Amino acid sequence: MAKLSKSKVVWAINETKSMYSASKLLRVAYNTFKKYAKLYEVFDAQPAYRPKGGSGMKPIELSAIFAGDNPNYSNAKLQHRLCKEGFLAEECSNCGYDEYRARDMSKPLMLDYLDDDSTHKDLSNLRLLCYNCFYLLKLDRLDVITPSNVKSFQKAVYHMFSQQSK
């Protein structure tokens with residue numbers, strides 16, 4: 001195996017949360033990484049952090065997402081982080097709905113893009129909408145195809161109520 005350079009070891013430490021994660025990033029055994037990190041005097045003697053899931057990498061900065069560096073960043077993760085870090089209030093920006101569901105104790109909100117371009121993740125283009133407001137505001141742009149049996153039902157209901165009002 002090739003010797004690990006000091007620049008690689010320092011880079012791995014700066015990119016991750018722990019020495020263990022840094023060793024995984026460089027794809028070397030933890031003891032090998034520890035040997036070189038101590039040799040270069042950059043080893044942090046804190047206990048090794050071993051994540052139960054995920055890669056141990058630092059999350060992408062929100063400023064980088066807003067700048068457009070990650071256009072395919074997950075909408076669900078972005079919505080969670082925007083609420084958690086205080087960029088958006090966890091309520092519908094149209095009607096103010098902010099109640100929790102009893103089943104899973106989450107708020108039924110959706111991340112909406114004002115310009116309908118999900119790759120344009122600038123903060124000024126984002127808002128949270130409840131499901132009702134989302135479909136009321138976006139129905140004409142969602143290209144929802146109404147089945148013919150529903151259309152005939154809608155016509156029958158319309159005619160029934162229009163005859164009663166006469």
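Bear in mind these aren't lab numbers, they're just calculated from the coordinates by the rules spelled out. Everything numeric here is computed off the predicted structure, so don't read it as measured data. Note: ideal-geometry Cβ built from the backbone for every residue, glycine included; neighbour counts use all protein chains shown.
Between residue 32 and residue 114, what's the calculated FRET efficiency when r is the beta-carbon distance and R0 is 45 Å? Round to 0.05.
On the way: r = 50 Å, r/R0 = 1.12.
Efficiency computed from Cβ-Cβ geometry: 0.35.
Going Cα to Cα from residue 38, which lysines come in below 16 Å? Please leave out same-chain ones fewer than 8 positions away.
Correct list for residue 38: 3, 6, 8.
Past the 19 Å Cα-Cα mark, which pairs from 17/121; 24/84; 84/107; 24/121? Kindly include the intermediate steps, with their values, before the conclusion.
Working: 17/121 26 Å; 24/84 28 Å; 84/107 13 Å; 24/121 31 Å.
Over 19 Å apart, Cα to Cα: 17/121; 24/84; 24/121.
With each label point set 7 Å from Cα along the Cα-Cβ vector, what nm distance links residue 77 and residue 103?
Modelled inter-label distance: 2.6 nm.
When the helices in the chain are scored as -39500 (n - 2.57) per DSSP H run of 4 or longer and the sum is shared across all residues, what 222 nm value do you end up with, to the nearest 500 deg cm²/dmol?
-11500 deg cm²/dmol
Can you give the Kirkwood hydrodynamic radius of the stretch 62-141 from its Cα pairs, in Å with one decimal? Show your work: numbers first, answer last.
Working: mean 1/r = 0.0764 Å⁻¹.
Its Kirkwood hydrodynamic radius stands at 13.1 Å.
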